[in-house]
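Notes to accompany the following structure.
Bear in mind these aren't lab numbers, they're just calculated from the coordinates by the rules spelled out. Being a predicted model, the structure only gives us computed values, none of them experimental. Quick reminder, even Gly has a Cβ in these numbers, built from the backbone with ideal geometry, and neighbours come from all protein chains shown.
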Amino acid sequence: MIKNAVHRVQDANGLSPEVGTSLIKDLLYQLSKSVAEDNTENDSRILRASPTQLSSISCTPSSSSTKNEKSLDPLYIITPTYRRPEQIPELTRMSHTLMLVKNIHWLVIEDAYVATKQVTRLLERTGLKFEHLTAPMPEKYKLKKGAKPRGVSNRNRGLQWIRANATSGVLYFADDDNTYDIALFDEIRKTKTVSMFPVGLCTKFGLSSPIIRNGTFAGFYDGWVAGRKFPVDMAGFAVNVKFLLQRPNATMPFRAGYEEDGFLKSLAPLEPRDVELLADNCTRILAWHTQTKKNEPSAPLDMKLYRSTNLVKLKEQIV
């Protein structure tokens, strides 16, 4: 009963697994102590837990909760990221959204050779199923002048992991600088092949979306079409895992501005008219391309003045 009660509070308030486990231990200890003091013989045999017993308690979902969650198709959220001042704040914001979603697996993939410890610690605190992977951009693209194909190596690494580990569910490319309505995840779970939906604050039009006329697909509305067959935003589509697995050569190209189009074309046979239209037939915006103002790297701390202060620890958390 105590474990189930703590789990309900954990779900409702985003309580971390560590805090949940600690709370269960303390409640059991206080309860057993109270029973012992009352010298209630029948109950004390059950509730007087030893320190060894208490240390083995884990904060896990109730069987009914786990059963209900497993009945849902899993969602695989692929999030490319890289080290910058906004990284941890944006991943924190995103994690608080994902913590409200059932049966989700978060693939956070850094453009780096070594995973960032701060990101790992953040992911561990969420209580979510996650993979923390790395996939640096190839050097030849880093040295290229002009726009660079950012996030491509990350997303392709995510697709590689899904092919090796998943058999069903839905995948979604969710950048860490976007904002997501919780209803979006219920929508994309419906995806049978490839689904699409509007994205707000995107391009000079302020919107990227399939056009629906008289209930039927009639083209795309996007501020940058540029001859693309699928002129959509990265946050504007989802793919069924089984559909992906049937197309072993599907990949995202290292071509700046054409990543979405290239990936969707690699899912052939697939035509725009075949796409499933979600979000009430593309009448609701559930994903927003909000982005975040770029911050300059923080100035170094003057260690002569502040070596023995809290600022040293705080600066470790700021890029």
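Would you mind checking the pairs 117/204; 192/265; 204/315; 140/265 and listing those with alpha carbons more than 26 angstrom apart? Checking Cα-Cα distances, 117/204; 204/315 exceed 26 Å.
Site pair residue 82 and residue 266 shows an inter-label distance of 1.9 nm when each label is modelled 7 Å from Cα along Cα→Cβ.
Annotation for residue 302 and residue 165: the two label points, set 7 Å from Cα along the Cα-Cβ direction, are 4.7 nm apart. Once you have a ≥ b ≥ c as the square roots of the Cα gyration tensor eigenvalues for the range 135-196, tell me rounded if a/c is under 1.5, and otherwise prolate or oblate according to whether a/b is larger than b/c. Here the range 135-196 falls in the oblate category. One chain, two ends: residue 312 and residue 5. Fully extended at 0.36 nm per residue, the span grows by 106.6 nm beyond their Cα-Cα distance. Each label point was placed 7 Å from the Cα along the Cα-to-Cβ direction; for residue 273 and residue 144 their separation is 3.4 nm. Karplus-based coupling profile of the range 129-142, in residue order and whole Hz: 5, 8, 10, 10, 10, 10, 7, x, 5, x, 4, 4, 7, 5, with θ = phi - 60° in 6.51 cos²θ - 1.76 cosθ + 1.60 and x standing for Gly or Pro.
Dipole check for the range 90-169: with +1 at the C-beta of Lys and Arg, -1 at the C-beta of Asp and Glu, and the Cα centre as origin, the magnitude is about 280 Debye.
When you restrict to C-alpha pairs under 8 Å that are six or more residues apart and normalise by the size of the range 227-319, the relative contact order lands at 23 percent. With 0.36 nm allotted per residue and the present C-alpha distance subtracted, the residue 281-residue 225 stretch has 18.0 nm of extension available. Length gained on full extension, residue 125 to residue 288, computed as 0.36 nm times the residue gap minus the Cα-Cα distance: 56.1 nm.
Which value results when the Cα radius of gyration for the range 99-241 is divided by 2.2 N^0.38 Å? Walk me through the intermediate numbers first.
Working: Rg = 16.8 Å, N = 143, 2.2 N^0.38 = 14.5 Å.
Normalised by 2.2 N^0.38 Å, the Cα Rg of the range 99-241 equals 1.16.
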